[in-house]
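Taking it in order: structure first as structure tokens, then the write-up.
The values are calculated or read from the model by the stated rules, or taken from the named source; none is laboratory data. Only a predicted model underlies this, so the values are computations on that prediction, with no experimental measurement involved. Glycine gets a Cβ as well: all are built from the backbone with ideal geometry, and neighbour counts include every protein chain shown.
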Amino acid sequence: MSRILVTGGAGFIASELAGRLANNPDNKIVIVDNLVTGFQSNIPESPYKNIHFIRADVNIFDDISSVFYNYGFDYVFHYAAIVGVQRTLNQPLKVLNDINGIKNILNLSKNTKVKRIFFASSSEVYGEPVNIPHKEDKIPLNSRLPYAIVKTLGEAFLKSYQKEFGLDYTIFRLFNTYGTRQTSDFVIPKFINLALRNEDITIYGDGTQTRTFCYIEDNIESTINAFYKHEYINEVINIGSDKEIQIIELANLIKEVTNSKSNIVHLPPLKEGEMNRRSPDISKMKNLLNRDLTWLPEGLKYVIKVPQKLNN
């Protein structure tokens, strides 16, 4: 039996991950979340009764240390973090406090003989693009945003602990992932909710900035395969899609898929936090997934079929 900790497990991606790990009856899953941005309704159920939820804050040592010492984990998926462009811009000190959580997880993992840590990093570590596509071995270190700095520092901590203590890791640099549990302050659920109500869809700037969007199933399957196949140990993996789309094209696509009468309204560009392009090299992810990625229009249809699950 593998004892697995999933931090931030009441959030969008980590809850889906925990549910998939729990499909294996040989896994015992402990989810930790402080429910600041997560939802208890996201906590998955398992027919094997092998999921246990603990409300705790990984940034507080006394909260998380007792969890480690009581359960003795084999593996840790560290996904707890303050996320979302506007939220991280508005709460920079809370973002920086996540450094404490990273250090707590690493020190406790080292001291309790955790075999491997899986860390949810972010595309934001690439800052303003220098090289397209973004390759895992090239980080320009030109972003001043606290969120990007924390994720970059987290990666540096993982690599340092591996070098000094032999604590293995895999870093997932997550690019925009979407699915039914994503909160409505992210672009795809926001646009879908507005389109379904035929309300104005607002875009920052002229909408020519590009992003790539990864369906949650592609993200989770790649992650799970890295875990079970013991691949990419002590490496970084971009998790996303390599199909760029302009934000204005995304808005029009969502209008088309929802048969919406919404108007597209342009707002002034964000003063910070809005990168012009995002396009990862996902060669490693494709090797893990070993199938075609979900086509964006198809993924949108999956989400729109269950709009009531979109968290507001």
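Given the criteria out of contact with any Leu (no Cβ under 9 Å at 6 or more places or on another chain) and of a type outside the set (Asp, Glu), does residue 191 qualify? Considered against the rule, which asks whether it is out of contact with any Leu (no Cβ under 9 Å at 6 or more places or on another chain) and of a type outside the set (Asp, Glu), residue 191 comes out as no. Scanning segment 215-251 for residues that are closer than 30 Å to residue 163 by Cα, buried (at least 16 other Cβ atoms within 10 Å of the Cβ) and not small (Gly, Ala, Ser) yields 219, 220, 221, 223, 224, 225, 227, 232, 236, 237, 238, 239.
Going by what's in this entry, would residue 65 be described as assigned to a helix (DSSP H, G or I) and surrounded by 23 or more Cβ atoms within 10 Å (Cβ to Cβ)? In short, no. Just name the residue that is nearest to residue 142 (Cα to Cα) out of those in segment 281-307 that are in contact with a Ser or Thr (Cβ under 9 Å, 6 or more places away or on another chain) and at pLDDT below 95. Among those residues, the one meeting the criterion is 303. Only residues that are over 14 Å from residue 250 (Cα atoms) and surrounded by fewer than 21 Cβ atoms within 10 Å (Cβ to Cβ) were counted across segment 170-193, and they come to 4.
Across segment 101-132, the qualifying residues are those that are among the polar types (S, T, N, Q) and loosely packed, with under 15 Cβ neighbours inside 10 Å, and the one among them that is modelled with the lowest pLDDT is 131. Looking only at segment 129-156, residues that are closer than 17 Å to residue 86 by Cα and in a loop (DSSP other than H, G, I, E, B) come to 3 in all. Listed by position, the strands (runs of 3 or more DSSP E) inside segment 157-239 whose residues that are at pLDDT 95 or above, in the same structural domain as residue 108 (by TED's automatic domain parsing) and farther than 19 Å from residue 297 by Cα number at least 1 are 168-174, 235-239.
Candidates are the residues of segment 199-214 that are buried (at least 20 other Cβ atoms within 10 Å of the Cβ) and more than 18 Å from residue 122 (Cβ to Cβ); the one that is farthest from the chain's Cα centre (by Cα) is 201.
Could you please let me know if residue 73 is assigned to a loop (DSSP other than H, G, I, E, B) and either surrounded by fewer than 16 Cβ atoms within 10 Å (Cβ to Cβ) or in contact (Cβ under 8 Å) with a residue 60 or more places away in the chain (or both)? Taking the combined requirement at face value, the residue satisfies it. Figure legend. Inter-residue proximity from segment 35-57: first residues on the phi < 0 side of the Ramachandran plot, second residues in a strand (DSSP E or B) and polar (S, T, N, Q), beta-carbon distance below 7 Å, spacing 6+ or different chains. Indicated pairs: 39/311; 50/27.
If you scan segment 276-289, which residues turn out to be crowded, with 19+ Cβ neighbours inside 10 Å and part of a loop (DSSP other than H, G, I, E, B)? Of everything in segment 276-289, those that are crowded, with 19+ Cβ neighbours inside 10 Å and part of a loop (DSSP other than H, G, I, E, B) turn out to be 278, 279, 282. All of 113, 94 fail the test of being of a type in the set (Lys, Arg), more than 19 Å from residue 35 (Cα to Cα) and not assigned by TED's automatic domain parsing to the domain that holds residue 275, apart from 113. Would you check if residue 170 is under 16 Å from the mean Cα position of the chain (by Cα) and within 27 Å of residue 114 (Cα to Cα)? It is true that residue 170 is under 16 Å from the mean Cα position of the chain (by Cα) and within 27 Å of residue 114 (Cα to Cα). Does residue 45 satisfy being outside any loop (DSSP other than H, G, I, E, B) and either within 22 Å of the chain's Cα centre (by Cα) or farther than 20 Å from residue 20 by Cβ (or both)? Answer is no for this residue.
Of all residues assigned to segment 25-33, at least one qualifies as being among the acidic types (Asp, Glu), within 22 Å of residue 227 (Cα to Cα) and surrounded by 22 or more Cβ atoms within 10 Å (Cβ to Cβ). Residues in segment 127-150: is at least one outside the structural domain of residue 59 (by TED's automatic domain parsing), of a type in the set (Phe, Trp, Tyr) and more than 30 Å from residue 2 (Cα to Cα)? Within segment 127-150, not a single residue is outside the structural domain of residue 59 (by TED's automatic domain parsing), of a type in the set (Phe, Trp, Tyr) and more than 30 Å from residue 2 (Cα to Cα). Which is among the polar types (S, T, N, Q), assigned to a helix (DSSP H, G or I) and under 15 Å from the mean Cα position of the chain (by Cα), of 88, 37? Among 88, 37, only 88 is among the polar types (S, T, N, Q), assigned to a helix (DSSP H, G or I) and under 15 Å from the mean Cα position of the chain (by Cα).
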